[in-house]
1. If a residue must be more than 36 Å from the chain's Cα centre (by Cα) and modelled with pLDDT of 90 or more, how many such residues does the range 159-187 contain?
2. Give the residues of the range 192-225 that are surrounded by 14 or more Cβ atoms within 10 Å (Cβ to Cβ), at pLDDT 85 or above and out of contact with any Ser or Thr (no Cβ under 8 Å at 6 or more places or on another chain), sorted by residue number.
3. Across the range 665-678, what is the total count of residues that are part of a loop (DSSP other than H, G, I, E, B) and over 22 Å from residue 638 (Cβ atoms)?
4. When you scan the range 110-120, do you find a residue that is over 23 Å from residue 161 (Cα atoms), outside the structural domain of residue 574 (by TED's automatic domain parsing), touching a residue at least 60 places away in the same chain (Cβ under 8 Å) and touching a helix residue (DSSP H, G or I) at 6+ places or on another chain (Cβ under 8 Å), even just one?
5. Being buried (at least 18 other Cβ atoms within 10 Å of the Cβ), at pLDDT below 95 and either touching a helix residue (DSSP H, G or I) at 6+ places or on another chain (Cβ under 9 Å) or in a strand (DSSP E or B) (or both) is the requirement here; does residue 17 meet it?
6. Please determine, by comparing only the residues of the range 42-57 that are within 13 Å of residue 209 (Cβ to Cβ) and of a type in the set (Gly, Ala, Ser), which one is surrounded by the most Cβ atoms within 10 Å (Cβ to Cβ).
7. Can you go through 11, 40, 18, 100 and tell me which one is without any contact (Cβ under 8 Å) to a residue 24 or more places away in the chain, within 19 Å of residue 136 (Cβ to Cβ) and either in contact with a His (Cβ under 8 Å, 6 or more places away or on another chain) or outside the structural domain of residue 215 (by TED's automatic domain parsing) (or both)?
8. If I ask for residues that are β-branched (Val, Ile, Thr) and at pLDDT below 70, which ones from the range 419-468 would you list?
Amino acid sequence: MMTVLSSHAQVYQGQTLVEPRLIADKTAIVPGKPFRVALVLKMAPGWHTYWQYAGDAGIPTEIKWSLPSGFGVGPIEWPLPEINLQREADILTYTYGGEVMLMQTIQPPANLKPGASVELKADVSWLVCEEICIPGKAVGLALTLPIAANAQPAHAAEFQRWTPRVPSVDPPPFSIAWSRSGNQLTAKVSPPAGTTALDFFPLPPAEEQIGHPSVSGSATEGFTIRIEAKSDLRGVVALKNVDREQAWAVAAAPSAPAPPASAHPSLLAALLAGLLGGLILNLMPCVLPVISLKIFGFVQQAGQSRRRIALHGFAFAAGVFVWFLGLGFLVIALKSSGAQATWAAQFQNPWFILGTATIVFIFALNLFGVFELTLPGRATNALGEAGGREGLGGSFFQGMFATLLATPCTGPFLGTTLYFAFVQPAPITLLIFGSIAAGMALPYLLLSLQPGWVRFLPKPGVWMERLKQFMGFPLLATLLWLLYIIGGQRGATAIIWVAAFLLLLGIALWLYGLAASPTVKPVKRVLGQLLAAGLVIFGAQFFLLDLFAHEQAPGAVPIKSGGIEWIPYSEAEVKKLRAEGKPVFVDFTADWCLSCKFNERTAIDTAAVRAKFSELGIVPVKADWTNANPEITAALQRFGRVGVPFYVLYPAGKSDAPITLPELLTESLVLDALSKAR
C-alpha cells in the first residue's frame, strides 16, 4: 500500500501558506510499467504559485527528483493557469490559486523484484505570492511504493480532475496560421462550433521579454491572437465552450527574417559598451587592492627583459579572460537549464563570501611574510609570487582574482550590456563577455608591451620588501568589506565567528611557515604541518558549520541607513504608494556592492538629498539584494538589468513613466532627478 511520508509545509507568521505532498496514480510499482506521480500544492486563500512561464513576475515551481538507479522521469505536465492582469501596473502573470497538481510520468526498470519497496524523493521549490512574495521549498519530499506484479488505481478523483486541464500535444481540432510583421506576431484561429472564448498562453524562450498577448474576434468570424516577440514562440491555445475548457500546445510561430550581417548596431554598441565598461572596472573600489598588487609586480619587473614583462602581462590578461568566459559559460548553462542567470549571484551565497575572505586573508598574510608556500620543482605559487619575477602563475591568479572581486560591480556601460548578453544566443553572450574581459585587461597588456613605460618605474631594491608588506593592507581593507557582507547576511555575531576562524587560520599559517624552514628536521616539519591542518579543521567545524548551516531571512522592518529611513522593497508596496499618488525612489542595492555603498554615502544619504526627499514627500524604498530575492530579481529584469546598483524614481503621477538613474551617481545628478518627482 502507498505511504506518503511527512512533508514540509511553508509557514509564515503562524499561517500555512503552502502544503506540498506527493501522490501516485497506482497503489504499487509494476516492473517495467510506467505510472504517474504528482506534486500537489495546496495554497492558503489569496496566495498563488506560478505556471511554467510566470509572465512579467514570478518563478515557476521546480521539482528535482532523486530516483533509484534505472528509473526515469518525464517532464512536468502543467495544467492551465489563471491569467492575472494588474492593469494599473500593466503586469501580467500566470498563476495557480487554491490548489494545483503537477504530474509527471515515471518509468521503472523491468528487473525490479516484487516484495520490496521503493522510495521516490524530490526536492521542491516554489514562490508563493499575495501582496508579498515568499520563496518556499520542501527538501526530501518522499513517496514510498511497494513493488508488485499488479497494481490498482489510486487517487483516481484527483488525477481525473487535473488531467483534462493539461494541454494536449495532439494536433488541434482547429486551424491556426501565424504571420509576422517585424516583432509583431499574429495568429488567425478558426475554432470549432460551440466555442465561446479563446485564451492564449505564451511560452517564450528563456530570458526573453515579450509583450502581453491579446485576443480579439469571435467563434463565428474567427479569433485573432497578437503578441510582440522577437524569437520563435511556442504557446498553448485554450478553447472554452459551455461545458468545459480544453487546451492544445501549438507549433512555433515564424521567426523574423535575419537582418544582414552589416545591420547589427545593437551588437556593435554592446561590444563597445562592454569594452569601455571593462576598462572602467579597473577603477572600481572592489578591484583596486588587487590592481595595486599588479602595479607592484610591474615595479618588480622593471629590470627584466621585455619578453618576461610581456609574458606576465599576457598571464594576467589570460586570468581575466578565463574568469569572464567562465562566467559566460555559466550564464549559458543556467539559461539552458531554465534557471535564472543574474550578475554577481555568487555574492548572495555566504559560503562563497567566506571562501573569498579566506583567500584574501591568506594572500595578505603571505605579503606580510607570515609564511612562504614552496611547491616542488619549478611550480609557481599564485599566492606567494604576487605577480613577481618568477611566478607567471601568480600573474594569472591575480587576473582571475581581480575579476572575481569585480563581479559585485556593475559600473558605467555594464548594466544594460550585461542584460543584453544574458538574453542573447550563446555565441553572442561569450562575445560580449570577451569584450568586457578585453577592456579590463587592456591597460596591463599595453603597459607590459611598452618597455619604455616600465623604465619610468623605480628600480628594484630593498624598499620593495617594505612595499610588498604595505600591499597587504589594501587586502585587509577588502577583508573588512567581505566581513561586512557576511554580517549583513548572517548577523553581527557572524563577523565575530568568522574572525575567530581567520585568527586560527593565521596561527596555522604561521606554524606552517615555521615548519617549512629549510633548517627544520623532516619529522618536525610534518608535525608542524599536521598541527596547522588540525587547527584549520577545528576552526571550521567549531566556528563555521553551525553558523552557515541555516538560511536566514531579513525581517520586513524599516531599514535605517544613515539619516534616511528606508522602506523594505516589495512590489505590492510600490504599487500601493504609486496608487496613492506618492513619488517613490527605489534603491536596488546589496551589501556586497561597493559601488552601491559609495553612491549611498556620497550622493544619496546627504543632507541636501534628505532635505529634497522631505520637501517633495518622496518615499525612499530599499530593494536589498544582498541575499537572493526573486521579487527583486524579477523587478530588475523588467527594467532590463541583471545586477546592482540600479536606481528608479517614480514621479507623483500614477501614469508617469519611471526615471532611471545611472550606475555611478553624484549628488547634483540625484537632486536634478528628484526635482522631476512632482
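The values are calculated or read from the model by the stated rules, or taken from the named source; none is laboratory data. The model shown is predicted, which means the values in this text are computed figures rather than measured ones. Note that we place each Cβ from the backbone using ideal geometry, even for glycine, and neighbour counts take in every protein chain shown.
1. Within the range 159-187, the subset more than 36 Å from the chain's Cα centre (by Cα) is 160-161, 170-177.
Adding the requirement that they be modelled with pLDDT of 90 or more leaves 160-161.
Here the count works out to 2.
2. Across the range 192-225, the qualifying residues are 195, 197, 198, 199, 200, 201, 202, 203, 210, 211, 212, 213.
3. Filtering the range 665-678 down to residues part of a loop (DSSP other than H, G, I, E, B) leaves 665-666, 675-678.
Imposing the further condition that a residue be over 22 Å from residue 638 (Cβ atoms) reduces the set to 666, 675, 678.
Final tally of qualifying residues: 3.
4. For the range 110-120, residues over 23 Å from residue 161 (Cα atoms), outside the structural domain of residue 574 (by TED's automatic domain parsing), touching a residue at least 60 places away in the same chain (Cβ under 8 Å) and touching a helix residue (DSSP H, G or I) at 6+ places or on another chain (Cβ under 8 Å): absent.
5. Numbers: buried (at least 18 other Cβ atoms within 10 Å of the Cβ): yes; at pLDDT below 95: yes; either touching a helix residue (DSSP H, G or I) at 6+ places or on another chain (Cβ under 9 Å) or in a strand (DSSP E or B) (or both): yes.
Taking the combined requirement at face value, the residue satisfies it.
6. So the first thing to find is which residues in the range 42-57 are within 13 Å of residue 209 (Cβ to Cβ), and the list is 53-57.
Keeping just the survivors that are of a type in the set (Gly, Ala, Ser) gives 54-55, 57.
Details: 54: 21, 55: 21, 57: 23.
Step by step, filter the range 42-57, then rank; the result is 57.
7. Values: 40 fails: without any contact (Cβ under 8 Å) to a residue 24 or more places away in the chain; 18 fails: without any contact (Cβ under 8 Å) to a residue 24 or more places away in the chain; 100 fails: without any contact (Cβ under 8 Å) to a residue 24 or more places away in the chain.
Just a single option satisfies the conditions, and that option is 11.
8. In the first step, residues of the range 419-468 are kept if they are β-branched (Val, Ile, Thr); the result is 423, 428-429, 432, 436, 454, 462.
Scanning the range 419-468 gives 423, 454, 462.
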